[in-house]
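This report concerns only the one structure given below.
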Amino acid sequence: MGAIIGYIFIGLLVGLVVIQFLKELDRKETRAKKLVGAKGLYKFEIQRNAILQELEQKSPEKTAVKTKAVYLIYKFAASKNKFTLKDIEHTTQQLQNLYHQNVEGPSVYKINFPEKELLNFEPKEILSLLIIINEGLHNAALYSQANYIFNIASIEDDSLHIITHDNGLGYDRKAVANGDGIQQITTAINELKGDLKLTSTQGNGTVANAIIPLTNFS
C-alpha cells in the first residue's frame, strides 16, 4: 500500500513539474511573440519618421501642383503601418483629382485596379509606389498634351505592374534624354528591386510600366 501511495505521489509530482514546464514554455512563447510584434512596430515607426523627416527637408518642386502632390503622398505614406492596393487606388484618385483641378490639360483621367488582390505594403514601399504614380501623372499632365491619362495596376507573372498610359505627343526615346521625372521613377523602382518598361513614340503617347516582383512584398 505504501509503495502505491509513493508511486501516486511521484506521478503527481512529475505531473506538476510537466505543467510548470509547459506554462513556462507558453510564457516564453508569449514574450517572444510580443517582442517580435514590438520590433515590427518599431521598424514601421522608424520608416514613418524617416518619411516625415525627408518631407521636411524637401525643397519646393518645379511646379506648384507637384509640390502639393508630393506633400500628399509623403503624409499618406507616414500615416499608418500597413497599406493595401485599395489604399494606392484611393490615393491615385486623389492625385488625379489634384492634377485635373490644377492643370489645364487632359480632360479625362481613368483608373483600373484589381478588386480583390490581397497585398500588404510597408510605409517605405507605399511611398516608392506612389512616387512612381505621381511622377508618371505629372509628366503626362504637364507635358504630353494628352486627352486622357490612364492609371492601371495589375498582377501578371508574379509581379505587380503599375502603369501610367497617356495618348499624348509621345517622343523619340533615342533622341530625347530621360528627364527628372523618369529618373525619379527609376530610382523608386530600383528601391523596390523592379524594372521599368518605357514605351513612347512620336504621336502615339507614352506607356510607363513599373514591374515589381510580388516576392518583395509581405
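Among the residues of segment 140-153, those that are assigned to a strand (DSSP E or B) and touching a helix residue (DSSP H, G or I) at 6+ places or on another chain (Cβ under 7 Å) comprise Ile149, Asn151, Ala153. Selection of segment 144-163 for residues being surrounded by fewer than 21 Cβ atoms within 10 Å (Cβ to Cβ), in contact (Cβ under 8 Å) with a residue 24 or more places away in the chain and either out of contact with any strand residue (DSSP E or B) (no Cβ under 7 Å at 6 or more places or on another chain) or of a type in the set (Val, Ile, Thr) (or both) yields Gln145, Ile152, Ile155, Ile163.
Answer yes or no as to whether Asp87 is at positive phi and open to solvent by 10 Å² or more (accessible area, probe 1.4 Å). For Asp87, the condition - at positive phi and open to solvent by 10 Å² or more (accessible area, probe 1.4 Å) - is not met.
Out of the residues in segment 175-191 that are more than 18 Å from Gln96 (Cα to Cα) and β-branched (Val, Ile, Thr), which is surrounded by the fewest Cβ atoms within 10 Å (Cβ to Cβ)? Quick ask: steps written out before the conclusion?
Here is the first cut: in segment 175-191, the residues more than 18 Å from Gln96 (Cα to Cα) are 175-180, 182-184, 186-191.
Narrowing the set further to residues that are β-branched (Val, Ile, Thr) leaves 176, 182, 186-187, 189.
Numbers: Val176: 10, Ile182: 18, Thr186: 18, Thr187: 13, Ile189: 21.
This residue is Val176.
Answer with yes or no whether Phe113 is farther than 16 Å from Phe217 by Cβ, aromatic (Phe, Trp, Tyr), touching a residue at least 24 places away in the same chain (Cβ under 8 Å) and in contact with a strand residue (DSSP E or B) (Cβ under 8 Å, 6 or more places away or on another chain). Full working, then the answer.
Numbers: farther than 16 Å from Phe217 by Cβ: no; aromatic (Phe, Trp, Tyr): yes; touching a residue at least 24 places away in the same chain (Cβ under 8 Å): yes; in contact with a strand residue (DSSP E or B) (Cβ under 8 Å, 6 or more places away or on another chain): yes.
In short, no.
Set side by side, the residues Leu130, Leu137 differ, and just one is outside any loop (DSSP other than H, G, I, E, B) and within 15 Å of the chain's Cα centre (by Cα), which is Leu130. Which one of Asp166, Asp172 is open to solvent by less than 60 Å² (accessible area, probe 1.4 Å) and acidic (Asp, Glu)? When all the criteria are applied, what remains is Asp166. Which is modelled with pLDDT of 95 or more, in a loop (DSSP other than H, G, I, E, B) and of a type outside the set (Ser, Thr, Tyr), of Asn97, Asn81? Result: Asn81 is the single residue among Asn97, Asn81 that is modelled with pLDDT of 95 or more, in a loop (DSSP other than H, G, I, E, B) and of a type outside the set (Ser, Thr, Tyr). Close contacts from segment 46-72, counting a first residue that is closer than 16 Å to Gly136 by Cβ and a second that is basic (Lys, Arg), with Cβ to Cβ under 9 Å and a gap of 6+ residues or different chains, come to Glu61/Lys68; Val70/Lys58. Scanning segment 98-119 for residues that are in contact with a Phe, Trp or Tyr (Cβ under 8 Å, 6 or more places away or on another chain) and open to solvent by 20 Å² or more (accessible area, probe 1.4 Å), we see that the one that is nearest to Ser159 (Cα to Cα) is Asn112.
Kindly indicate which of Lys75, Lys116, Lys86 is within 19 Å of the chain's Cα centre (by Cα) and closer than 23 Å to Gln53 by Cα.
Values: Lys116 fails: closer than 23 Å to Gln53 by Cα; Lys86 fails: closer than 23 Å to Gln53 by Cα.
Within the list Lys75, Lys116, Lys86, the selection yields Lys75.
Of all the residues that make up segment 160-191, how many are part of a loop (DSSP other than H, G, I, E, B) and at pLDDT 95 or above? Lay out the reasoning, then the answer.
So in segment 160-191, the residues part of a loop (DSSP other than H, G, I, E, B) come out as 167-179.
This time we only want the ones that are at pLDDT 95 or above, so: none.
Counting residues in segment 160-191 that are part of a loop (DSSP other than H, G, I, E, B) and at pLDDT 95 or above gives 0.
Scanning segment 192-218 for residues that are open to solvent by 70 Å² or more (accessible area, probe 1.4 Å), in a strand (DSSP E or B) and closer than 22 Å to Tyr148 by Cα returns Lys197, Thr199.
The values are calculated or read from the model by the stated rules, or taken from the named source; none is laboratory data. Note that the coordinates shown come from a computational prediction; the quantities given were computed from them, not determined experimentally. When we count neighbours, we look across all protein chains shown, and the Cβ atoms used for this are built from the backbone with ideal geometry, even at glycine. These accessible areas exclude ligands, DNA and RNA; they are computed on the full protein's heavy atoms, side chains included. Shrake-Rupley method; radii C 1.70, N 1.55, O 1.52, S 1.80 Å.
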